[in-house]
Structures are given as C-alpha cells and as structure tokens.
Amino acid sequence: MGNYHIEIGKQLKARRLEQKKELKDIAKDTKVTEDYLEAIETGRIEIFPSAVYYNLFARSYAQELGMDTDQLFVISSAESLELERIENLGPEAAEKEIQELESKEKKYSVAKTAMWISGFIVIIFIVVLLIFTSGKDAGTPPTASDLNAESTYYAGEEMSADYDIMSDELSDDSLGDNATSVMNPDPKMRLQIESNALSWIRLIADGDTILNGNFEAGHRQTIEADNQFVITAGNPNGLTLKLNDTLLGPISPYGQPARNIEINRLNKDQFFIKNRESNSGETDGGGF
C-alpha cells in the first residue's frame, strides 16, 4: 500500500476522532461497512475490488466528516468516469456489486486451486508409473556375497587367457578342424541347464536376457541362441551345463561366483569335457 492511501486514512481518522464519532456511526450514515471504513483508515486498499471502489467509499467517508473530497483525493480521468457510474448506484448498490465481485473471486480462486491440485495428482501418478515400470524390468540383482568383484572368475585364468589369444589370432586359415563348423554352423546353439542346488543365474542369449533370478534345485531348462550365451551365476557349482547335448566343464573352477562368462561359436570347444568318459569311466549324462 502506498503512502498516499495511508496519509488519507490518517487524515480521515484524525477528523473522526476530533468529531468524537465511532466507526459504527459513520457506517450507519454512509451505508459502508465498518470493515471497509477501518481499511480506509489504515490505507489497506488491497481489500477493495479496485481503486475505484476505494475512492468511492473513502469519498463518502470524507463527505460525512465535512472534508473537501476534491482536494483530498487525486484520481485519473478513467477512474473519474467509473467513479461517477458507481456513485450513481449509491452506497448500498455499490456494496452489493462488491459482494458479487468477491463471490466471483472466491469461485475463481477455488477453481484455480482445484486445477493445481489436479495437475499435482497427475504428476504424482506419472512418477509412480515410471518408477513401477522401471522396477518391473530390473529383475532380482545378485547379492554382494554372491557376486564379489574381487573373487569373480571367467572360467579360470588359464582358460580366459586362451580366449584372449583366440580372439586376437583366430582367422580362416588357423581354424583347422573348427573351420567347417564355423563356416557351416548349427541352426541353433542349445544350452541345457539343470540345477543341482539353489543358484542365482542371469543368462543372456544373443543380447536378450532370458533368465534373471533364482534357479531352484531340480529345475531344468533349455535355451537356444544363434551365436552367443553370456552367463552370470552366484553358485556355478550348483549348475550342470550342456551345449548341444555335450557336457560342459565348470565355468568357475573354484566354485566361486562367475560373471559374464561368454560361450559362442568360436570358443565353445574350450568348455567341452571331450575325454571325460574315456579317462575316468564317467558318462557325461546330466539328466537332460
């Protein structure tokens, strides 16, 4: 509120006290409520619908006290025209018009609040939906004890070194016996898994996650891929693996958690136990 309205309010209040009049007496004679009269005296113009209504009631107040309103108030030409219209209505009609304006303002405020609340609810719903959707695809991650980075093995250090050499040096001329199988691969690579004990496993076939969770004891499953399997297991010794009906050796020679073990068409022979039956008299049967 500006000093202009505060100064007018001080002058009106001083004149009223000088004449020993109460606000209720002024309200009765001017038909302006005591709340508005008190607001005029304190310069609180913001409670009026517009400056025009403030000027109307303040001028009525000043006239009731016998003050020169033209000298007391300075208004614009536009305000003057609107003030003239409202003065013709009279104080009671002006008060009724103010009440209608206040009622409209309250309805607008309620509608605006409802709109903000609705928007907030929609945002919360979208956030919850996004969280639920992202969580649904996350799967069950391995625990720290299951997959400790420091104790992760890639099918043994010796075997991993062999894979690196193969990846760097393998060519069409050096494939040897594998050349035919690489040039004319099987239609599908079939990985057969049987669980002898509870084990957490994640299996990716050709880039798609097929398994991601606990594999119960006694459970078995066959997964097909064109080129590649990637296996992560918390208890690899609890799993029996066969590729195209041929038994594979342990993917972790010490039974510790294994991560991202890759079996593909080029390196698959490194995982086979080729002479197990002839050397130990054992069969390669895994229950499949």
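The values are calculated or read from the model by the stated rules, or taken from the named source; none is laboratory data. Only a predicted model underlies this, so the values are computations on that prediction, with no experimental measurement involved. Methodologically, a virtual Cβ is constructed for each residue, glycine included, from the backbone with ideal geometry; neighbour enumeration extends over all protein chains shown.
With the condition being out of contact with any Leu (no Cβ under 8 Å at 6 or more places or on another chain) and under 17 Å from residue 271 (Cβ atoms), I'd like the strands (runs of 3 or more DSSP E) fully within segment 215-257 carrying at least 1 qualifying residues.
228-233, 239-243
Going by the structure shown, is residue 193 surrounded by fewer than 19 Cβ atoms within 10 Å (Cβ to Cβ), modelled with pLDDT of 90 or more and either assigned by TED's automatic domain parsing to the domain that holds residue 273 or not in a strand (DSSP E or B) (or both)?
No, not satisfied.
For segment 186-215, which positions are farther than 14 Å from residue 233 by Cβ and without any contact (Cβ under 8 Å) to a residue 24 or more places away in the chain?
187, 206, 207, 208
So which residues in segment 218-255 are small (Gly, Ala, Ser) and either surrounded by fewer than 21 Cβ atoms within 10 Å (Cβ to Cβ) or modelled with pLDDT under 85 (or both)?
Across segment 218-255, the qualifying residues are 218, 238, 249, 252, 255.
Which of the residues belonging to segment 29-62 are surrounded by fewer than 15 Cβ atoms within 10 Å (Cβ to Cβ) and in contact with a Leu (Cβ under 8 Å, 6 or more places away or on another chain)?
Result: 34, single match.
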